[in-house]
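Input: a single structure, listed below in structure tokens.
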Amino acid sequence: MTKKIPIDQLQTGMYVYDLNLVWEKHPFAWQCFLIEDEATLQKIRLSGIAEIEIDPALGADVAAAKFTSKDPVFEPSAFAPGIIANLSPAGQFNHAKNLYANANKLMQDMMKDVRLGKQIDLE
């Protein structure tokens with residue numbers, strides 16, 4: 001069960017389910033990811049997002065204590081098969097759809113840069 005929270009309640013250790021922005025409007029490769037450090041948290045806060053959707057089943061909840069990267073909420077990979085298996089079928093479909101859309105856009109941008117002779121950002 002996901003929930004929308006104001007950006008000021010966002011903490012490290014939370015699992016971002018949806019940034020509520022079009023892919024081109026945010027600096028991340030994926031819509032779904034675990035906030036592992038303060039740098040990622042700051043990048044989200046500076047992107048102009050007012051509300052964000054989190055999944056407390058995959059990360060920390062709003063009322064939970066603040067986590068650090070030394071205290072992982074779950075397995076190191078945010079996309080481990082066990083975590084995906086815990087999602088509902090609709091959640092798994094949405095996760096796969098987001099991954100596909102993000103990968104497709106990333107490849108289109110990269111191929112566009114190659115055609116234009118630009119240096120590819122490997123990060």
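Computed from the coordinates by the stated procedures, all read-outs in this text should not be read as laboratory data. What you see is a predicted model; the values in this text were computed from it and never measured. Cβ sites come from the backbone with ideal geometry, for glycine too, and all protein chains shown count toward neighbours.
Over 24 Å between Cα atoms, which of Lys4/Lys43; Lys3/Lys105; Lys3/Lys43 qualify?
Lys3/Lys105
If packing is taken as the average number of other Cβ atoms within 10 Å across a peptide's residues, how do 44-52, 114-122 rank, most packed first?
Sorting 44-52, 114-122 by mean packing, highest first, produces 44-52, 114-122.
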